[in-house]
Amino acid sequence: MSLRVVVSGASSGIGLALVRHYLERGATVAAFARRGELLQAIAANFPDQVFCYALDVRDVAAMQNAAKDFIARAGIPDVVIANAGVSSGTLTEYTEDIDAFQQVMDINVVGMVKTFQPFVAAMRAAKRGTLVGIASVAGFRGLPGASAYSASKAAAISYLESLRVELHGSGVKVVTICPGYIKTPMTAINPYPMPFILDADDAARRMARTIERQTTFTVIPWQMGLVGRVLKWMPCWLYDGLFAKAPYKPRRRIK
């Protein structure tokens, strides 16, 4: 039986690369994304393997209906990857950035919950499956000019740990993946150097290996894991001095 995989944020970037990776290996994939026209392009190349659902991860009813449909048509998934995410530069002093804060938190954190929730009971009953959350190295410390994004990824890391403990012994595994810099539309606007940056397809291959091994917590690439560890344990006075003058991610409206 082929692997059954669910991917949110499937229309571009890491999500699209993960969808392609699994489809090319014969998996049956449920692709969740807001941009339905991009999902159809995927379906045209893999007509018998992919189920496309044009939806927003903030819409709990749509997520539950899609999960119910996929389970009815393909079966309980083996892997559910909560990948949907947005990023924007944000500054607390600007009233207009409050909406961006809300959108980032709703999509990156609550959207992850809404992606997993419709599948957990069925996976627990089957005593198998893997829930995968795509967090970020940005969640290790608060990055200046990216407060909403850093906060959302820190929250995602803690949420995934809570979920992992809740499901301990159930047969359902929880995997946390923290990417560093990956070449995607999200990072294309960054006006600063991005060390150890990976192509999305390379990142997807590494993530798939991590998922297969059911590694509890992974940073990809490993070099960013070392950087993240140093930053995490750096004393505040040193961190503040080093990052106070760091360049900011551009502020933008999130649609």
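Where a number appears in this text, it was derived from the coordinates with a stated rule and is not lab data. Here the structure is a predicted model, which means the values were calculated and not measured. Counting neighbours? That spans all protein chains shown, and the Cβs are built from the backbone with ideal geometry, glycine included.
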As a test of the formula, what do you get for the chain when each DSSP H run with n ≥ 4 contributes -39,500 (n - 2.57) and the sum is divided by the residue count, at 222 nm and rounded to the nearest 500 deg cm²/dmol?
-14000 deg cm²/dmol
Just tell me which lysines come within less than 23 Å, Cα to Cα, of residue 173; anything on the same chain fewer than 8 places away is out.
68, 114, 127, 153
With no solvent term and unit scatterers on the alpha-carbon positions of the chain, Debye gives log₁₀ I(q)/I(0) at q = 0.13, 0.17 Å⁻¹ of -0.80, -1.35
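Please give me the summed charge of the neighbours of residue 166: other residues whose Cβ is under 14 Å from its Cβ, Lys and Arg +1, Asp and Glu -1. Write down the numbers at each step before the final one.
Details: positive: 124, 164, 173; negative: 161.
Net charge in that neighbourhood comes out at +2.
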Charge dipole (debye, nearest 20) of the stretch 35-131; +1 at Cβ of Lys and Arg, -1 at Cβ of Asp and Glu:
740 debye
Cα centroid separation, the stretch 177-243 to the stretch 3-37 (Å)
21 Å
GNM on the chain, C-alpha springs below 10 Å: top fluctuator among 183, 153, 127?
127
Amide hydrogen neighbours beyond the local backbone of residue 183, cut-off 5 Å, H modeled:
198, 199, 200
Sorting 196, 55, 167 by the position of each Cα along the dipole of the chain (Lys, Arg +1; Asp, Glu -1; all at Cβ), the one nearest the positive end of that ordering is 167
State, as an integer percentage, the relative contact order of the stretch 4-243 based on alpha-carbon contacts under 8 Å between residues 6 or more apart.
18 percent
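Over all directions, the average projected area of the alpha-carbon convex hull for the stretch 140-255 comes to how many nm²?
Over all viewing directions, the stretch 140-255 projects a mean Cα-hull area of 8.6 nm².
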For the charge dipole of the chain, defined by +1 on Lys and Arg C-beta atoms and -1 on Asp and Glu C-beta atoms about the Cα centroid, which residue among 88, 109, 207 has the Cα displaced farthest towards the positive pole?
207
List the residue ranges in the chain for DSSP H helices whose C-alpha atoms run 18 angstrom or more along the long axis and whose Kyte-Doolittle average is -1.0 or above.
60-74, 111-126, 147-166
Under 10 Å, Cα contacts only: if you run a Gaussian network model on the chain, which one of 106, 97, 240 comes out with the highest mean-square fluctuation?
240
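For 168, 21, what's the fewest-to-most ordering of other Cβ within 10 Å of each Cβ?
Values: 168 10, 21 20.
In order of increasing Cβ crowding within 10 Å: 168, 21.
Can you sort 4, 58 from fewest to most other Cβ atoms within 10 Å of each residue's own Cβ? Could the numbers behind the result be given before it?
Details: 4 21, 58 15.
By the 10 Å Cβ count, ascending, the order reads 58, 4.
Please state the shape class of the stretch 1-72: rounded when a/c is under 1.5, otherwise prolate if a/b exceeds b/c and oblate if not, all from the C-alpha gyration tensor. Intermediate results must be reported in sequence, preceding the final value.
Working: a/c = 1.76, a/b = 1.26, b/c = 1.40.
Here the stretch 1-72 falls in the oblate category.
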Among 247, 228, 218 - extreme Cα towards positive end, dipole of the stretch 190-255, charges at beta-carbon:
247
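Hey, got the dipole for the stretch 40-198? About the Cα centre, +1 on K and R Cβ, -1 on D and E Cβ, debye to the nearest 20? Intermediate values should be presented prior to the final figure.
Working: 12 positive and 12 negative charges, 143 e Å.
Its charge dipole is roughly 680 debye.
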Can you list which of the chymotrypsin sites (Phe, Trp or Tyr not before Pro) found in the stretch 61-115 are DSSP loop residues with at most 16 other C-beta atoms within 10 Å?
94
Largest fluctuation, 110, 165, 174 only, Gaussian network model of the chain with Cα springs under 10 angstrom, belongs to 165
Label model pair residue 126, residue 40: point-to-point distance (7 angstrom along the Cα→beta-carbon line) in nm is 3.0 nm
